[in-house]
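Encoded as structure tokens, the structure appears first; notes follow it.
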Amino acid sequence: DGFELISQIRRTHAMDQLAIIGLSGSGGSVMSARFLKKGANDFIVKPFCNEEFYLRINQNVEMLEHIESIRNAAIKDHLTGLYNRRYFFEVGEKLFKNAQRKNFDIVLAMIDIDHFKQVNDRFGHAAGDKVLRHVSAIMTSRFRASDVIARLGGEEFCVLAPGMSPAHCCDIFDTLRQTIASDPITVDGNAINARISIGLTATLGPTLEATLDHADQLLYQAKNQGRNRVVFG
């Protein structure tokens with residue numbers, strides 16, 4: 001029946017993920033209370049008018065959208081739409097510990113946009129923001145949903161890729177580098193060619209922080225070797 005259906009659905013879909021509206025022509029407030037107790041978001045007594053039906057649906061959809069916007073504000077960078085630093089460490093710690101415990105591969109990359117300050121100085125911060133969004137969009141398109149892509153701050157990004165093969169990760173990230181380099185951004189008639197440097201490692205340190213520091217050192221090597229390159233170690 002409807003009560004058992006709601007109970008089954010709520011085992012896999014929380015109230016802030018899926019709205020359920022109960023419908024019944026009998027029971028009144030008692031029936032409504034039972035539906036809500038089982039996990040329904042709302043209840044409509046039949047017969048109902050079309051206006052009420054659509055208002056209830058719109059209200060529940062708006063509630064889900066509002067919750068989603070609050071959740072995104074907490075875990076995502078407002079400019080790029082990538083995960084923020086806080087979320088990266090929260091989820092990254094769990095993935096890292098699972099990799100240590102279950103002994104599966106995990107790849108970590110530190111990424112920095114080369115000469116980004118020059119973009120801001122020459123073309124303005126609005127152009128710099130557009131470059132950040134452009135690079136972020138390409139990264140999002142190049143990686144899997146299971147990979148954690150975050151903007152750590154400024155023009156610095158990080159990718160944590162569980163299950164990525166160490167034997168192929170250099171090719172994957174170098175393809176990313178080439179894609180960004182070959183796709184200029186046009187701002188007010190000016191073509192801006194973004195370049196990135198990448199520090200990449202598949203070697204697990206004792207902690208996520210230590211592994212991140214190692215990837216950061218590799219990133220500095222990429223910068224010192226002339227930028228626009230991947231250094232793996």
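Over all distinct Cα pairs, what is the inverse of the mean 1/r for the chain, reported as the Kirkwood hydrodynamic radius in Å? Intermediate results must be reported in sequence, preceding the final value.
On the way: mean 1/r = 0.0480 Å⁻¹.
The answer is 20.8 Å.
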Hey, for a label at ASP16 modelled as a point 7 Å past Cα toward Cβ, could you say which residues of segment 47-69 have their backbone N under 20 Å away?
59-69
In whole percent, the fraction of accessible protein surface over the chain that belongs to carbon or sulfur atoms, probe radius 1.4 Å, stands at 51
Want the number for LEU55 to HIS78: 0.36 nm per residue separation, take away the alpha-carbon distance, what's left?
5.2 nm
Project the alpha carbons of segment 181-233 onto their principal axes and report the range along each, largest first, in whole Å.
48, 21, 14
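Just how many pairs of Lys in segment 86-233 have C-alpha atoms closer than 29 Å, counting pairs that are eight or more places apart or on different chains? Display every interim value, and only then the final one.
On the way: LYS94/LYS102; LYS117/LYS130; LYS117/LYS223; LYS130/LYS223.
Lysine pairs satisfying the spacing and distance rule in segment 86-233 number 4.
Fully extended, how many nm does the chain gain between SER29 and ASP1 (0.36 nm per residue separation, minus their Cα-Cα distance)? Numbers along the way, then the final one.
Working: separation 28, 0.36 × 28 = 10.08 nm, distance 1.81 nm.
Gain on extension, SER29 to ASP1, equals 8.3 nm.
How much accessible area per residue does segment 61-119 have, in Å², with a 1.4 Å probe? Mind showing how you got there, number by number?
Details: 3560 Å² over 59 residues.
On a per-residue basis, segment 61-119 sits at 60 Å².
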With only Lys, Arg, Asp and Glu charged, each at its Cβ (+1 for the first two, -1 for the last two), find how big the charge dipole of the chain is about the Cα centre; round to the nearest 20 debye.
420
Whole-number percent relative contact order across the chain, with pairs defined as alpha carbons under 8 Å at least 6 apart:
18
Length-normalised contact order of segment 1-118, Cα under 8 Å, at least 6 apart, in percent, tallies to 17
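What area, in nm² and to one decimal, does the C-alpha convex hull of segment 1-123 cast on average over all directions? Walk me through the intermediate numbers first.
Working: hull surface 53.6 nm².
Averaging across all directions leaves 13.4 nm² for the Cα convex hull.
Using the Kirkwood radius over C-alpha pairs as Rh, can you work out the diffusion coefficient of segment 54-165 via Stokes-Einstein at 10 °C, viscosity 1.306 mPa s, in µm² per second?
Details: Rh = 15.9 Å.
D, rounded to a whole number, is 100 µm²/s.
Suppose only helical runs count, i.e. DSSP H with n ≥ 4. What mean residue ellipticity at 222 nm does that imply for the chain under -39500 (n - 2.57) per run, divided by all residues and rounded to the nearest 500 deg cm²/dmol? Working shown, then result.
Details: 8 runs with 123 residues, N = 233.
About -17500 deg cm²/dmol.
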Roughly how many Å² of VAL231 are accessible to a 1.4 Å probe, to the nearest 10?
20
Return the inverse of the average 1/r over all pairs of distinct C-alpha atoms in segment 92-155, which is the Kirkwood hydrodynamic radius, in Å to one decimal.
13.9
Label-point separation in nm, HIS168 to ALA137, each point 7 Å along Cα→Cβ
2.7
Percent of all Cα-Cα pairs per 10 Å bin for segment 132-233, counting from 0 up to the last occupied bin, reads 14, 48, 31, 6, 1
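Just by accessible area at a 1.4 angstrom probe, what is the order of LEU23, LEU5, LEU64 from largest to smallest? Don't skip to the answer; put the middle values down first.
Details: LEU23 80, LEU5 100, LEU64 40 Å².
Heavy-atom accessible area, descending, gives LEU5, LEU23, LEU64.
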With θ taken as phi - 60° and the coefficients 6.51, -1.76 and 1.60, list the Karplus ³J(HN,Hα) couplings across segment 202-217 in order, rounded to whole Hz; mark glycine and proline as x.
10, 9, 6, x, x, 9, 5, 4, 5, 5, 5, 4, 5, 5, 5, 5
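The values are calculated or read from the model by the stated rules, or taken from the named source; none is laboratory data. The shown structure was predicted, so the numbers you read here are calculated from the model rather than taken from an experiment. Don't worry about glycine lacking a Cβ; one is built from the backbone with ideal geometry, like all the others, and counts go over all protein chains shown. Keep in mind that these areas ignore ligands, DNA and RNA; they rest on the heavy atoms of the full protein, side chains included. Shrake-Rupley method; radii C 1.70, N 1.55, O 1.52, S 1.80 Å.
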